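Only the coordinates and a few stated rules stand behind these numbers; no lab work does. Here the structure is a predicted model, which means the values were calculated and not measured. Note that we place each Cβ from the backbone using ideal geometry, even for glycine, and neighbour counts take in every protein chain shown.
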Amino acid sequence: MALLEANSNLKLISCDPFQKDDYNDSGLKKIQAANLQERHTHLNSFSDRALPKLLEEKASFDLIFIDGDHKFSGAFVDFHYAAQMTKVGGIVVFHDLWMRALILIRSYIKKNRKDFVEIKVGSSNMCAFQRVNKDSRDGMAFNEFYNRQGYLKYHINRLSWERKTVLGKSIFKLKTIIKKT
Ligand SMILES: C[S@@+](CC[C@H](N)C(=O)[O-])C[C@H]1O[C@@H](n2cnc3c(N)ncnc32)[C@H](O)[C@@H]1O
């Protein structure tokens, strides 16, 4: 909605296989209600299936927003395809940088992808990379990217979110008390 409303020339492709079952199509209904549906195509598909198809069709984009499967494998595969379809000068944005998987993908790009440079965004929970060149890595290219950034924060948040253990339940309670005060 924000993207479609911000720019009347923009065409948007979104991808979410759970829009109907998990969200009762609420996003699609809102786009329809705002009469923005003509510039929007929704792919009812997992991104790891939709993105290679788009690449095969030679699609290219000015902006790609990655905020689907937040597992390392899912977000990494999304980036793998997104990177190839981002125009030089275009931007790839990631959400949920509080998560270890996303922190490590950011680190992977910074250490391994000279064709992308990180640009500033106004939220610490997001990061963005601009494509500045073609991918010129050779077949053996690899730079270490593992780090421990956000390790404790992520695992504490996850324990409290799951609330399966005594520790997780206690952290959840403590966070609720802190929020109320
Ligand atoms: C955290 S929500 C973000 C939604 C939206 N980007 C926003 O900011 O409101 C993650 C979304 O990704 C979808 N999703 C989860 N796994 C996916 C996958 N493998 N491919 C595409 N979408 C996926 C979920 O159904 C959900 O709508």
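Before moving on, here are some points about what is shown:
- Where CYS127 falls short, out of the listed (1) under 24 Å from GLU144 (Cβ atoms); (2) of a type outside the set (Phe, Trp, Tyr); (3) not in a strand (DSSP E or B): (3)
Quick grid of which residues meet (1) without any contact (Cβ under 8 Å) to a residue 12 or more places away in the chain; (2) loosely packed, with under 13 Cβ neighbours inside 10 Å:
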| site | (1), (2) |
| --- | --- |
| GLU5 | no, yes |
| ASP16 | no, no |
| TYR23 | yes, yes |
| ILE31 | no, no |
| ASN35 | yes, yes |
| SER47 | no, no |
| LEU51 | no, no |
| GLU56 | yes, yes |
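- When GLY27 is tested against (1) in a helix (DSSP H, G or I); (2) more than 8 Å from the ligand (Cβ to nearest atom); (3) in contact (Cβ under 8 Å) with a residue 12 or more places away in the chain; (4) surrounded by fewer than 16 Cβ atoms within 10 Å (Cβ to Cβ), exactly one condition is not met: (2).
- Evaluation of PHE94 against (1) surrounded by fewer than 14 Cβ atoms within 10 Å (Cβ to Cβ); (2) touching a Cys at 6+ places or on another chain (Cβ under 8 Å) (one fails), failing number: (1)
- Among residues of region 59-103 being touching a residue at least 12 places away in the same chain (Cβ under 8 Å) and hydroxyl-bearing (Ser, Thr, Tyr), the one that is farthest from the ligand (Cβ to nearest atom) is SER60.
- Taking region 67-123 as the range and being of a type in the set (D, E, K, R) and outside any helix (DSSP H, G or I) as the test, the residues that pass are ASP67, ASP69, LYS71, LYS87, ASP96, ARG113, LYS114, ASP115, GLU118, LYS120.
- Of all the residues in region 30-58, those that are within 12 Å of the ligand (Cβ to nearest atom), part of a helix (DSSP H, G or I) and in contact with a helix residue (DSSP H, G or I) (Cβ under 7 Å, 6 or more places away or on another chain) number 3.
- The residues of region 135-181 that are in contact with a Lys or Arg (Cβ under 8 Å, 6 or more places away or on another chain) and either loosely packed, with under 11 Cβ neighbours inside 10 Å or polar (S, T, N, Q) (or both), listed by number, are SER136, ASN143, GLU144, SER160.
- Only residues that are outside any helix (DSSP H, G or I) and either more than 20 Å from the chain's Cα centre (by Cα) or within 15 Å of the ligand (Cβ to nearest atom) (or both) were counted in region 1-24, giving 12.
- Within region 107-118, none of the residues are crowded, with 16+ Cβ neighbours inside 10 Å, under 28 Å from PHE172 (Cα atoms), free of Cβ contacts under 8 Å to residues at least 60 places away in the same chain and of a type in the set (Val, Ile, Thr).
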